[in-house]
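All remarks here apply to the structure that follows.
The values are calculated or read from the model by the stated rules, or taken from the named source; none is laboratory data. Since the structure is predicted, the reported quantities are computational estimates derived from the model, not experimental observations. Here the Cβ positions follow ideal geometry from the backbone for every residue, glycine too, while neighbour counts run over all protein chains shown. Surface areas here come from the heavy atoms of the whole protein model, side chains and all, with no ligands, DNA or RNA. Shrake-Rupley method; radii C 1.70, N 1.55, O 1.52, S 1.80 Å.
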Amino acid sequence: MRCSAILLRSLLAGVALAALSRPVQAQNAALNARIAQLATQEEAKVIAWRRDFHEHPELGNEETRTAGIVAAHLKKLGLEVQTGVGRTGVVGVLRGGKPGPVVALRADMDGLPLTESNDLPFASKVKSTYLGQPVGVMHACGHDTHVAMLMGAAEVLSQVKKDVPGTVKFIFQPAEEGSLPGVEGGAKLMVKEGVLDKPKVDAVFGVHIQAQTEVGNLTYRPGGEMASSDRFTIKVRGKGAHGAYPWNSVDPVVTSAQIIMGLQTIVSREIKLIDDAAVVTVGTVHGGVRYNVIPADVELSGTIRALDPAVQQRIWASIRRIATHIAESAGATAEVSIEPYVPVTSNDPALTARMLPTLQAAAGPGHVREIKAVTGAEDFSFYQEKVPGLFLFVGGMAKGQDPATAADHHTAGFRIDESGLTLGVKTLATLAVDYLGSGPRKQK
């Protein structure tokens with residue numbers, strides 16, 4: 001009986017939320033139809049922008065060309081424009097023709113230090129340096145599409161400005177993939193510099209292209225959607241020796257190998273994986289300069305992912321315990337440092353429920369679905385710490401393709417079906433007007 005009562009209350013709550021959203025949908029039906037029409041008309045322009053950005057990617061905090069194109073576009077639309085926010089970020093403000101709240105739409109601009117392998121006429125040939133090493137540069141996560149879609153949404157909304165009931169703030173953010181070690185950047189720095197103020201933002205929305213989701217589809221998850229992400233470094237110090245006389249050493253290479261294996265037991269033996277996923281990955285191992293010399297030290301680094309702050313803290317403690325005790329058992333020492341990067345990306349449940357009818361109207365029946373949480377990370381979470389936010393995924397895989405054959409994000413072969421970009425433009429624009437049409441009223 002108790003379960004039935006709880007289920008009934010849950011169903012009634014869902015019905016109430018849907019009922020609250022329906023009047024806004026009906027009220028904005030004509031406006032949203034106009035937005036859909038304009039988004040379709042913008043398709044060729046959005047694709048052209050995307051291809052240009054793809055051919056000319058820039059690393060985090062170096063997005064000067066991209067930022068210049070964005071700023072010029074927003075100024076041409078008549079928006080209030082601020083540049084140099086969070087180093088290279090751009091912010092545009094569109095004040096609608098009717099009073100209302102303030103909503104923010106965000107896109108990230110940076111590329112990755114990867115050499116592209118795609119045979120495309122607009123494939124990146126850009127070269128740069130990263131951490132002192134020569135690298136190729138590539139939009140291997142779709143940030144080029146995010147910038148193009150938000151530029152398209154800004155142009156669409158500027159054409160219906162008189163009917164927009166409030167203010168829209170467009171945030172073009174640098175360095176989502178992270179700054180250089182010790183350098184603050186990305187969403188965290190933009191928030192610190194007041195991007196959610198003047199005018200004060202009431203809610204924030206963002207979209208991410210998804211290479212394994214078929215075009216025409218939107219996916220989301222209320223609550224924790226993407227994992228927290230932290231970087232750890234372990235410096236193992238031993239005693240160097242000739243490779244022919246290992247008994248004279250305290251071998252940091254062997255000790256590091258034992259630490260790497262020990263770290264694998266954290267997730268497999270300490271975390272209750274039926275509740276939440278977690279990841280501990282060692283990504284780099286640096287030690288030694290010659291094959292027959294045992295070095296004095298080795299440095300490991302890697303990433304930690306968690307979907308629950310308590311699990312995150314437990315992993316931190318376990319890494320420190322395992323590394324230091326294994327090193328001590330070998331006569332070595334281990335210095336562990338953990339650098340928090342981003343918190344869990346958590347969609348506000350009430351906002352998600354409130355905007356779900358908007359997503360369904362934008363994509364159509366059967367093209368919006370809830371997904372399980374993923375262990376990828378997003379610094380969009382820094383905005384969500386300050387204001388209610390909703391982050392969702394837009395399909396970018398060709399129709400009929402097997403997701404198993406689609407190149408993953410952050411790989412040299414990553415590619416996107418550009419026919420999915422129009423849905424992203426339409427979704428961003430309609431999320432803005434539907435939220436503004438039903439949001440808290442206040443003076444501009």
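Key figures for this structure:
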quantity: All Cα pairs of the range 286-444, percent lying beyond 21 Å; calculated: 66
quantity: Sum of -39500 (n - 2.57) over DSSP H runs of 4+, divided by residues of the chain (222 nm, nearest 500); calculated: -12000 deg cm²/dmol
quantity: Per-residue SASA entry for Glu55, accessible area with 1.4 Å probe, Å² rounded to 10; calculated: 70
quantity: Accessible carbon and sulfur surface of the range 122-224 relative to its total accessible area, %, 1.4 Å; calculated: 52
quantity: Share of carbon and sulfur in the accessible heavy-atom surface of the range 79-121 [1.4 Å probe, %]; calculated: 47
quantity: Volume per residue of the C-alpha convex hull in the range 147-289, rounded to whole Å³; calculated: 211
quantity: Projected label distance in nm at Asp275 and Arg314, using a 7 Å step from Cα toward the beta-carbon; calculated: 0.5
quantity: Fraction of antiparallel bridges per DSSP, the chain only, in percent to nearest 5; calculated: 70
quantity: Per-bin percent of Cα-Cα distances, the range 137-193 [10 Å]; calculated: 19, 37, 31, 11, 1
quantity: Built amide H within the under 5 Å cut-off of His208, gap 5+; calculated: Leu392, Phe393, Val394
quantity: Percent breakdown of C-alpha pair distances by 20 Å bin, ordered from the shortest bin, for the chain; calculated: 24, 52, 21, 4, 0
quantity: Portion, in percent, of the accessible area of the range 259-361 that falls on carbon or sulfur, probe 1.4 Å; calculated: 56
quantity: The range 333-389: mean projected area of Cα convex hull, nm²; calculated: 5.7
quantity: Protection proxy ranking, peptides 113-120, 236-243, average beta carbon neighbours within 10 Å, highest first; calculated: 236-243, 113-120
quantity: Computed log₁₀ I(q)/I(0) - Debye formula, equal Cα scatterers, no solvent, the range 159-217, q 0.14, 0.15, 0.16 Å⁻¹; calculated: -0.62, -0.70, -0.76
quantity: C-alpha long axis of helix 64-76 to longest principal axis of the chain, angle in °; calculated: 10
quantity: ³J(HN,Hα), Karplus 6.51/-1.76/1.60, whole Hz, each residue of the range 52-58, x for Gly, Pro; calculated: 5, 5, 5, 6, 10, x, 9
quantity: Probe 1.4 Å, protein heavy atoms only - accessible area per residue of the chain in square angstrom; calculated: 44
quantity: Estimated translational D of the range 20-163 in µm²/s (Stokes, Kirkwood radius over Cα pairs; 10 °C; 1.306 mPa s); calculated: 95
quantity: Restraint check, Lys399/Lys426; Lys192/Lys399; Lys76/Lys98, Cα-Cα greater than 30 Å; calculated: Lys192/Lys399
quantity: Descending semi-axes in whole angstrom, ellipsoid equivalent of the range 231-307, from the Cα gyration tensor; calculated: 31, 12, 8
